[in-house]
């Protein structure tokens, strides 16, 4: 599998292959539903980088909740 630079912009051809759509508005819908950050260009086409595709916003900042031990205030009596 070919490795892409995280800052490399995904080509129009790759967006078609990745989303399964040729219509830019459908590509935007597909990226949005997958939680992938993109901008909409003036011509209506989505534009994003491989970094955003490989690490979508929907998977970021999902830190597991750490359960901390609660203090035993009963021991103070």
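Read-outs throughout are calculated quantities, based only on the coordinates presented, and are distinct from any laboratory measurement. Quick caveat, the model's predicted, so the values are computed rather than measured. Please note: Cβ atoms are built from the backbone with ideal geometry, for glycine as well, and neighbour counts cover all protein chains shown.
Set the Förster distance to 25 Å, then compute FRET efficiency between residue 59 and residue 4 from the Cβ-Cβ distance, nearest 0.05. Intermediate results must be reported in sequence, preceding the final value.
On the way: r = 18 Å, r/R0 = 0.70.
So, using R0 = 25 Å, E works out to roughly 0.90.
Normalised by the number of residues in the stretch 1-59, the mean separation of alpha-carbon contacts (under 8 Å, six or more apart) gives a relative contact order of 38 percent.
Per residue of the chain, what 222 nm ellipticity follows from adding -39500 (n - 2.57) for every DSSP H run with n ≥ 4, rounded to the nearest 500?
Working: 3 runs with 23 residues, N = 77.
Only helices count here, giving -8000 deg cm²/dmol.
By other beta-carbon atoms within 10 Å, ranking 68, 19, 48, 40 with the fewest at the front produces 68, 40, 48, 19. Fraction of C-alpha pairs exceeding 18 angstrom in the chain: 50 percent, rounded to a whole number.
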